[in-house]
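**Q** Okay, here's the structure, questions in a sec.
Read-outs throughout are calculated quantities, based only on the coordinates presented, and are distinct from any laboratory measurement. In this text, all values refer to a predicted model and were calculated from it rather than measured experimentally. We place every Cβ from the backbone using ideal geometry, glycine too, and count neighbours over all the protein chains shown.
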Amino acid sequence: MRVFVVGDSGLLDGLALWSMAQAGDVLLYVQQGSIPAAVKDELTRLAPDGITIVGGPVRVSNIVEQELAAYAPVTRVAGASRFTTPIEIAQTLYPVVPPPVVPPPEPPVEPPTAGDIHYPAGNHGDVIITDSDVTVTAEAGASFTDVLLRGVNNVTVDGLTVDGNIRNERASEALNVTVRRCTAKAVELFAPRTRYGRSAPNGWVVEYNDLANGGYCVGVYSDGADYVPIENTIIRGNKMGNPSLDAIRISNYDGLLVEGNEIYGVIENGSHNDGLQSVWGGKNLTFTRNYLHDNRCQTFFLKGGYVENVTFTENLSIRNRVETPAMDAVHGKIYPTGGFTMTNNTLWDSSSFGLREGSDTPYDYVITDNVLWELYQEVPDSVVFEDRNVFGKQHWQQDTIGPNSIIDPDPAFVDWQIPGAGITWNPDAQVYGVAAG
């Protein structure tokens with residue numbers, strides 16, 4: 001017997017599911033933010049081995065997902081929209097098993113193509129890359145002022161030393177670009193200032209670079225929600241430090257993974273300096289396993305546009321109060337966000353993490369298994385599921401904490417780990433930037 005749960009506003013999801021259902025499948029409807037009593041009784045009676053939610057957090061909130069977990073393990077099946085959810089249902093729950101395919105023999109390894117670009121030692125000044133399907137490399141001793149990518153597709157920039165920035169030209173497309181093992185001030189992705197007709201710089205991977213002493217270390221720029229978004233971007237394994245603005249600035253994005261980066265030396269100087277700052281909104285953001293230290297900034301800041309489907313997990317932020325001691329520092333501020341999940345983070349040293357009020361809806365938050373000095377909560381309890389956390393002090397503006405959360409101003413850290421809460425990895429074992437590539 002399989003039990004499926006659908007939001008009462010997701011009738012199309014339910015119809016699509018029922019059209020493919022098999023004998024014995026059970027379909028139950030819930031509200032977006034709560035489970036009706038009759039459904040709870042039926043779940044108790046059925047005692048299922050598992051529960052599958054059909055639809056995203058806008059249909060069935062993450063809070064309801066947490067409540068359903070009390071009856072059985074929960075999985076979720078959802079597409080990017082109501083039109084693609086039926087496809088996900090068919091492919092995930094009722095897959096068609098294809099006949100076995102015999103793979104073709106492996107082709108011989110080809111030498112580098114004649115079209116690849118390799119620079120000899122020496123200073124090459126400003127360089128403009130216009131060729132697609134190439135890898136750009138350089139000998140030791142080669143240096144560049146700035147590197148500009150113009151109208152390219154499928155390009156890898158590998159191992160360059162750049163005095164300034166590596167970026168694409170705003171007025172032209174730059175698709176499927178990898179920037180790796182480079183030393184520069186910043187890597188910047190610019191979407192064209194248009195609402196249609198041209199693609200943004202999609203499919204970029206920025207990994208294992210040393211990026212320091214610029215304005216931003218990584219910028220993902222689209223001018224607003226009415227313009228084309230920047231999609232499918234990975235920022236991974238970089239060492240980012242001493243920016244005069246934010247370490248990472250992002251805007252109008254869809255599908256952004258920020259994973260395993262080291263961020264240091266972000267110091268508030270009146271420019272609203274942040275570890276990551278999101279403006280103009282976005283979708284599908286994951287910020288995970290990042291190590292922030294020796295800063296005085298907001299670790300994670302979402303404002304200036306509605307953001308939905310955010311995962312903030314396994315991040316470590318410590319020593320966030322260096323320099324300018326008269327100024328306050330916080331680990332993060334989140335303005336209304338739809339589907340925000342915060343788990344297994346360690347954010348310590350007398351700085352708070354804020355859930356701020358705003359007009360954008362719907363919004364909901366799941367905050368579990370973190371080690372956090374203080375939760376600064378302005379939003380109502382009805383949109384927050386908080387439990388199994390270790391706090392250094394009582395919530396600001398809240399009288400209670402989760403039933404399994406505790407307050408401990410001096411927890412017993414071992415390599416910034418506490419059994420059962422906070423990060424599950426050892427920062428001393430990590431390597432970042434060019435050395436990791």
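**Q** Quote the relative contact order of the chain in percent (integer), defining contacts as alpha-carbon pairs under 8 Å separated by 6+ residues.
**A** Numbers: 1236 pairs, mean separation 35.7, N = 437.
Relative contact order of the chain: 8 percent.
**Q** A follow-up question, please. Would you kindly state how much longer the chain becomes between Ser132 and Asp349 on full extension, computed as 0.36 nm times their sequence separation minus their alpha carbon distance, in nm to one decimal?
**A** On the way: separation 217, 0.36 × 217 = 78.12 nm, distance 4.76 nm.
Additional length available on full extension: 73.4 nm.
**Q** Next question, about the same structure. With 10 angstrom as the radius, rank Ile250, Ile117, Ile234, Ile263 by how many other C-beta atoms surround their C-beta, starting from the fewest. The partial results should precede the final answer.
**A** On the way: Ile250 27, Ile117 14, Ile234 17, Ile263 30.
Result, fewest neighbours first: Ile117, Ile234, Ile250, Ile263.
**Q** Give me Cys217, Cys182 sorted ascending by neighbouring Cβ count inside 10 Å, so fewest comes first. Show your work: numbers first, answer last.
**A** Values: Cys217 32, Cys182 27.
Least crowded to most crowded, the residues run Cys182, Cys217.
**Q** Still on this structure, please answer the following. State, to one decimal in nm², a quarter of the convex hull surface area for the C-alpha atoms of the stretch 185-436, i.e. the direction-averaged projected area.
**A** 13.0 nm²
**Q** In nm, what is the difference between 0.36 nm times the number of residues separating Ala121 and Ile87 and their Cα-Cα distance?
**A** Values: separation 34, 0.36 × 34 = 12.24 nm, distance 5.25 nm.
Extra length from Ala121 to Ile87 when fully extended: 7.0 nm.
**Q** In addition: Mind giving me the FRET efficiency for Ser172 and Ser143? R0 is 35 Å, r the Cβ-Cβ distance, nearest 0.05 is fine. Present the calculation step by step, with values, prior to reporting the outcome.
**A** On the way: r = 25 Å, r/R0 = 0.72.
Calculated value: 0.90.
**Q** Kindly identify the stretch 1-97 as rounded, prolate or oblate by the Cα gyration tensor criterion: order the square roots of the eigenvalues as a ≥ b ≥ c, call it rounded if a/c is under 1.5, otherwise compare a/b with b/c, prolate if a/b is larger, else oblate. Please report the intermediate quantities before stating the final value.
**A** Details: a/c = 1.74, a/b = 1.25, b/c = 1.39.
Oblate, since a/c reaches 1.5 and b/c is not below a/b.
**Q** Just the number: Rg to Rh for the stretch 394-437, Cα atoms, Kirkwood Rh, two decimals. It would help to have the intermediate numbers written out before the result.
**A** On the way: Rg = 15.9 Å, Rh = 13.6 Å.
Rg divided by Rh gives 1.17.
**Q** Just report the Cα centroid separation between the stretch 268-293 and the stretch 124-166, whole Å.
**A** Result: 27 Å between the Cα centres.
**Q** Taking +1 at the Cβ of each Lys and Arg and -1 at the Cβ of each Asp and Glu, which of Ala412, Val310, Thr44 sits farthest along the dipole of the chain towards its positive end, judged by Cα position relative to the Cα centre?
**A** Going by the charge dipole, the pick is Val310.
**Q** Okay, moving on. Ignoring the sites themselves, what is the longest stretch of the chain with no chymotrypsin sites (Phe, Trp or Tyr not before Pro) in a DSSP loop and at most 15 other beta-carbon atoms within 10 Å?
**A** On the way: sites that count: Phe83, Tyr196, Phe413.
Of all site-free stretches, the longest is 197-412.
**Q** Also, I was wondering about something else. What net charge is computed for the residues neighbouring Arg2, neighbours being all others with C-beta under 13 Å from the C-beta of Arg2, Lys and Arg scored +1, Asp and Glu -1? Please list the in-between numbers first.
**A** On the way: positive: none; negative: Asp25, Asp49.
For residues surrounding Arg2, the net value is -2.
**Q** So if I place +1 on the C-beta of Lys and Arg and -1 on the C-beta of Asp and Glu, and nothing else carries charge, what would the dipole magnitude of the stretch 185-436 be about its Cα centre? I want it in debye, nearest 20. Intermediate results must be reported in sequence, preceding the final value.
**A** Numbers: 17 positive and 32 negative charges, 150 e Å.
I would put it at about 720 debye.
**Q** Taking the Cα centre as origin and putting +1 on Lys and Arg beta-carbons and -1 on Asp and Glu beta-carbons, what dipole magnitude results for the chain, to the nearest 20 debye?
**A** On the way: 28 positive and 53 negative charges, 103 e Å.
Dipole about the Cα centre, nearest 20: 500 debye.
**Q** Taking every DSSP beta bridge with both residues inside the chain, roughly what % is antiparallel (nearest 5)? Write down the numbers at each step before the final one.
**A** Working: 2 of 127 bridges.
The answer is about 0 percent antiparallel.
**Q** Count the net charge of all other residues whose Cβ sits under 11 Å from the Cβ of Ile423, scoring Lys and Arg as +1 and Asp and Glu as -1. Walk me through the numbers on the way to the answer.
**A** Working: positive: Arg289; negative: Glu314, Asp369, Asp415.
Residues close to Ile423 contribute a combined charge of -2.
**Q** Same structure, new question: Under the rule of -39500 (n - 2.57) per DSSP H run of 4 or more residues, summed and divided by the residues of the chain, what mean residue ellipticity at 222 nm is obtained, to the nearest 500 deg cm²/dmol?
**A** -2500 deg cm²/dmol
**Q** Continuing with the same structure: Among the listed pairs Lys185/Lys303; Lys40/Lys333; Lys239/Lys303; Lys303/Lys393, which are separated by more than 31 Å between their Cα atoms?
**A** Values: Lys185/Lys303 25 Å; Lys40/Lys333 35 Å; Lys239/Lys303 25 Å; Lys303/Lys393 26 Å.
Checking Cα-Cα distances, Lys40/Lys333 exceed 31 Å.
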